[in-house]
Amino acid sequence: MKHVLVAIALTGCAIPALTFTGQSPAAASSHHGGRAWMNPRLRPEQRVALLLRRMTQDEKLSLVFGYFGTDFPFTKYKAPAEGRAGSAGYVPGVPRLGIPAQWQTDAGIGVATQGGAVKKRERTALPSNLGIAATWNVDLAYKGGAMIGAEARASGFNVMLAGGVNLAREPRNGRNFEYGGEDPLLAGTMVGAQIAGIQSNHIISTVKHYALNDQETDRNAGNSVIDPKAARLSDLLAFEIALEKGKPGSVMCSYNHVNGPFACENPWLLRDVLRRDWGFKGYVMSDWGAVHSTVASVAAGLDQESGFPFDKEPYLGDGLKKALADGTVTTAQLDRMVSRILYAMFRHGLFDHPVTTAPMDLSDAMLAADAAVSRVAAEQSIVLLKNDRRVLPLAGTAQRIVVIGGNADKGVIAGGGSSLVYPKGGNATPDIAPKTWPGPVMFYPSSPLEALRRQLPNAEISFIDGRDPVAAAAQARTADIAIVFATQWAGEGFDVPLSLKDDQDALIDAVATANPKTVVVLETGGPVLSPWAGKAAGILEAWYPGTAGGDAIANVLTGKVNPSGHLPVSFPNSLAELPRPEAPSKGDVHYSEGAAVGYKWYDRQNLEPAFVFGHGLSYTRFAYRNLRARIAKRQVTVTFTVQNQGAVGGMAVAQVYAAGDGWEAPRRLVAFQKVDLAPRQSRQVTLALDPRLLADFDAGMNCWRLRSGSFRLTLGDSSAASSAKATLALTPRAIVVPHGFCKRG
Ligand code: BGC
């Protein structure tokens, strides 16, 4: 059958014919020293067309090939002097035509420095991206992005390699802390907001790692095998939403294979889904060392090779030059690649707001203000998982407190790998191995113990490192309350066990047995097993809390801040519950759970995890009522009220889930809102539902499809809660499902 492609949404990335608004090209040229493309009043497409025709082939080639920004003594590689020392990447500009270089820095938590760099930039670290997702606060995600983007600009960078949105499909993935959790709506929305915040500084952000790079084991050679329909409903939907909300200038393709081809030469991912179906107009850059070919990569839609010499050959360097000479790649293809790069550079202000060379050190005032942004984000990211007999907050109740383990006397842990931000004041634990890639194991010098002592000057607070569980238990027995800190180090290039290492489970068990008033504070990359959960009175998940993490944790423990984080990932009881209980494997990884990721899997299997997706307690109580759904202007909205029934202010996270027939799982998160409420205050909230979340993806037709039927909606403060219910009857024509690129028979 012959298929005709019909665009339903505005798609396509062709550069339109030149039309000038009010100014002739000649006039524009004379105003801009003969460089008409420098006129900010022209549309990016127009500027690209004007500039492209003035570029030589070598100039075009220089834009599609990037270098690692840091010396690599092992391979005798010396980074270009024009790059920023110790950075991730550098793509030369074309000074003759006023095209700026691209100075690239990692990542989503802040301005990182490569481990091999002699001098480290001391910058502000946000909580991990998973922590940011746990805030469920879209404005906060934007503000955090704006803060780290401002530090990137102030450091001389105009491309930030942020925007990690791979779903936490594999809870042991060592990079889950760089991503937005297990749900496509939450992850896409939060990461999209962060990207928009970064780009508000007139710099480009990526979204990465496209796609299905959901484990680190064998990441350079593994093949993620997934039914395309399931991918569209899960991981790819997270990318789609992040692209819409954040409008990143660039997409970074990942290391792994996806259903066969490598992600960076994958026509389905790059050409069909990203450009045709989603209408992405920016450029695709490779991950560092993710390119394996010239002709196939270009044909699939790769625009820029990053971080030479990470790849085996300069595929888009000399390789591309040869391919142009022998006609296996055409000039038209090269022009398309360069156009997409230039489009993003114009669109995001790289020409009009150039960055300058910048000092290694930022001012103390800037770092102090930025630490406050990070602290607020950390406070809202911390999830109170359990609070029996109101063991928390501490304020006013405890006299003798023992703090145990987790280097809580020194600082808070961070994740390893390319995203690592070096803090002002240096590593608080310089002696922990590994000290080199993907290390060092970093603790930011923000000690929870010291912060607690500052906040509770009348309490007697002792510390014991926890290496000897018997000694720790003995000390706990004599205290009014015991607070055990447990850490998990995760990072790029390796996956992690779900059990806490170094006998920390035994330590917690011993302490909680000795003192029923035991509070456990977890600083982990993602979910962990908690065999001691029944014994501990209180449990806080603080993730990797960033630059000011010690203060944030103390603020929540003492009640200065009311906890409002909710889980962006499910916490299992055991490995046996997972879709793939065995450790992440090499080669083909069959994602047979399809789109039933995280809570959707647990619901489908009728399993109850240790802590459900969306869960999070508060020091106050909220009531969720009067859920109503309506259709107006061919859109579904839901309205409900949330009330703070307690005596302290707090933030509720209202979550709406839908159930439909024939879905991958019993329910999907379809809307959420964080609501700040004073004591007794109540607020009405109205939210629009994304129609894709009520629809199904028809892979045969390559289209979102809404079936007639009745949808059951629930409202509550977690995926398992159902404080209010509503039903919604829909026919396909009742609402608009705007996104798609359907085939017609
Ligand atoms: C990582 C990317 C990072 C790049 C540059 C790679 O190892 O996967 O996330 O942006 O390095 O440092």
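The values are calculated or read from the model by the stated rules, or taken from the named source; none is laboratory data. The structure displayed is predicted, hence computed values, not measured ones. A quick note on method: Cβ atoms are made from the backbone with ideal geometry, for glycine too, and the neighbour counts reach across all protein chains shown.
Since ALA101 meets every condition but one in (1) touching an Asp or Glu at 6+ places or on another chain (Cβ under 7 Å); (2) over 30 Å from ARG53 (Cα atoms), which condition does it not meet?
Every condition holds for ALA101 apart from (2).
Working only within the range 38-50, note down all residues that are surrounded by 21 or more Cβ atoms within 10 Å (Cβ to Cβ) and either out of contact with any Ser or Thr (no Cβ under 9 Å at 6 or more places or on another chain) or among the hydroxyl-bearing types (Ser, Thr, Tyr) (or both).
Across the range 38-50, the qualifying residue is only ARG47.
Give just the number: which of (1) part of a strand (DSSP E or B); (2) touching a Gly at 6+ places or on another chain (Cβ under 9 Å) does LYS725 not satisfy?
(2)
Is it the case that SER374 is crowded, with 24+ Cβ neighbours inside 10 Å, in a loop (DSSP other than H, G, I, E, B) and of a type in the set (S, T, N, Q)?
Numbers: crowded, with 24+ Cβ neighbours inside 10 Å: yes; in a loop (DSSP other than H, G, I, E, B): no; of a type in the set (S, T, N, Q): yes.
It is false that SER374 is crowded, with 24+ Cβ neighbours inside 10 Å, in a loop (DSSP other than H, G, I, E, B) and of a type in the set (S, T, N, Q).
Kindly check whether there is at least one residue in the range 431-443 that is modelled with pLDDT of 95 or more and either on the phi > 0 side of the Ramachandran plot or buried (at least 24 other Cβ atoms within 10 Å of the Cβ) (or both).
yes
Of all residues in the range 93-130, which are among the hydroxyl-bearing types (Ser, Thr, Tyr) and under 23 Å from PRO568 (Cα atoms)? Before the answer, list the steps.
Of the residues in the range 93-130, the ones among the hydroxyl-bearing types (Ser, Thr, Tyr) are 105, 113, 124, 128.
If the condition is that a residue be among the hydroxyl-bearing types (Ser, Thr, Tyr) and under 23 Å from PRO568 (Cα atoms), then SER128 is the only one that fits.
Tally the residues that are farther than 21 Å from ALA358 by Cβ and either in contact with a Phe, Trp or Tyr (Cβ under 8 Å, 6 or more places away or on another chain) or surrounded by fewer than 24 Cβ atoms within 10 Å (Cβ to Cβ) (or both), restricting the search to the range 141-151.
So the count comes out to 2.
For the subset of the range 83-109 comprising residues that are part of a loop (DSSP other than H, G, I, E, B) and more than 13 Å from the ligand (Cβ to nearest atom), which member is surrounded by the most Cβ atoms within 10 Å (Cβ to Cβ)?
Kept after step one, since they are part of a loop (DSSP other than H, G, I, E, B), are these residues of the range 83-109: 83-86, 92-93, 98, 100-101, 107-109.
Then drop every residue that is not more than 13 Å from the ligand (Cβ to nearest atom), which leaves 85, 92-93, 98, 100-101.
Details: ALA85: 17, PRO92: 18, GLY93: 21, GLY98: 15, PRO100: 17, ALA101: 23.
Out of the qualifying residues, it is ALA101.
Of the residues that sit in the range 608-658 and are aromatic (Phe, Trp, Tyr) and in a strand (DSSP E or B), which one is surrounded by the fewest Cβ atoms within 10 Å (Cβ to Cβ)? Steps first, answer last, please.
Start the filter on the range 608-658 by keeping residues that are aromatic (Phe, Trp, Tyr), which leaves 611, 613, 619, 622, 624, 640, 657.
Right, trim to in a strand (DSSP E or B) and you get 611, 622, 624, 640, 657.
Working: PHE611: 24, PHE622: 21, TYR624: 23, PHE640: 24, TYR657: 26.
So the residue we want is PHE622.
Can you name the residue in the range 446-467 that is part of a loop (DSSP other than H, G, I, E, B) and touching a helix residue (DSSP H, G or I) at 6+ places or on another chain (Cβ under 9 Å) and, of all such residues, is surrounded by the fewest Cβ atoms within 10 Å (Cβ to Cβ)?
ARG467
Being in contact (Cβ under 8 Å) with a residue 40 or more places away in the chain and either within 12 Å of VAL64 (Cα to Cα) or not in a helix (DSSP H, G or I) (or both) is the filter here; which residues of the range 322-335 pass it?
LEU334, ASP335 - these are the residues of the range 322-335 that are in contact (Cβ under 8 Å) with a residue 40 or more places away in the chain and either within 12 Å of VAL64 (Cα to Cα) or not in a helix (DSSP H, G or I) (or both).
VAL295 versus (1) away from the ligand (no atom under 16 Å from the Cβ); (2) within 28 Å of LYS229 (Cβ to Cβ); (3) aliphatic (A, V, I, L, M): which is the lone unmet condition?
The number of the failed condition is (2).
Does the range 509-529 contain any residue that is out of contact with any helix residue (DSSP H, G or I) (no Cβ under 9 Å at 6 or more places or on another chain) and either assigned to a strand (DSSP E or B) or within 16 Å of the ligand (Cβ to nearest atom) (or both)?
Yes; the residues of the range 509-529 include at least one that is out of contact with any helix residue (DSSP H, G or I) (no Cβ under 9 Å at 6 or more places or on another chain) and either assigned to a strand (DSSP E or B) or within 16 Å of the ligand (Cβ to nearest atom) (or both).
Of the residues that sit in the range 408-448 and are hydrophobic (A, V, I, L, M, F, W, C) and closer than 25 Å to MET366 by Cα, which one is nearest to the ligand (Cβ to nearest atom)?
Just the residues of the range 408-448 that are hydrophobic (A, V, I, L, M, F, W, C), to begin with: 408, 412-414, 420-421, 428, 432-433, 437, 441-443.
Of the ones still in play, those that are also closer than 25 Å to MET366 by Cα are 412-414, 420-421, 428, 442-443.
Values: VAL412: 22, ILE413: 20, ALA414: 15, LEU420: 10, VAL421: 13, ALA428: 24, MET442: 16, PHE443: 22 Å.
Filtering the range 408-448 for residues that are hydrophobic (A, V, I, L, M, F, W, C) and closer than 25 Å to MET366 by Cα, the one nearest to the ligand (Cβ to nearest atom) comes out as LEU420.
Can you pull out the residues in the range 176-186 that are within 16 Å of the ligand (Cβ to nearest atom) and either of a type outside the set (Ser, Thr, Tyr) or out of contact with any strand residue (DSSP E or B) (no Cβ under 6 Å at 6 or more places or on another chain) (or both)? I'd like the intermediate steps shown before the answer.
Looking only at the range 176-186, we keep the residues that are within 16 Å of the ligand (Cβ to nearest atom), and these are 176-180.
The answer is ASN176, PHE177, GLU178, GLY180.
Could you tell me how many of the residues in the range 151-175 are over 26 Å from GLN655 (Cα atoms), away from the ligand (no atom under 16 Å from the Cβ) and in contact with a helix residue (DSSP H, G or I) (Cβ under 8 Å, 6 or more places away or on another chain)?
Residues flagged as over 26 Å from GLN655 (Cα atoms), away from the ligand (no atom under 16 Å from the Cβ) and in contact with a helix residue (DSSP H, G or I) (Cβ under 8 Å, 6 or more places away or on another chain) within the range 151-175 amount to 2.
Does LEU715 satisfy the criteria of being crowded, with 20+ Cβ neighbours inside 10 Å, closer than 24 Å to LEU186 by Cα and touching a residue at least 24 places away in the same chain (Cβ under 8 Å)?
Details: crowded, with 20+ Cβ neighbours inside 10 Å: yes; closer than 24 Å to LEU186 by Cα: yes; touching a residue at least 24 places away in the same chain (Cβ under 8 Å): yes.
Against the criterion (crowded, with 20+ Cβ neighbours inside 10 Å, closer than 24 Å to LEU186 by Cα and touching a residue at least 24 places away in the same chain (Cβ under 8 Å)), LEU715 qualifies.
Mind listing whichever residues of the range 377-425 are farther than 26 Å from TYR179 by Cβ, part of a helix (DSSP H, G or I) and of a type in the set (Asp, Glu)?
Listed by number, the list holds a single entry, ASP388.
Report whether or not LEU185 is over 25 Å from SER87 (Cα atoms), out of contact with any Phe, Trp or Tyr (no Cβ under 7 Å at 6 or more places or on another chain), surrounded by fewer than 24 Cβ atoms within 10 Å (Cβ to Cβ) and hydrophobic (A, V, I, L, M, F, W, C). Steps first, answer last, please.
Details: over 25 Å from SER87 (Cα atoms): yes; out of contact with any Phe, Trp or Tyr (no Cβ under 7 Å at 6 or more places or on another chain): yes; surrounded by fewer than 24 Cβ atoms within 10 Å (Cβ to Cβ): yes; hydrophobic (A, V, I, L, M, F, W, C): yes.
Yes: the conditions hold for LEU185.
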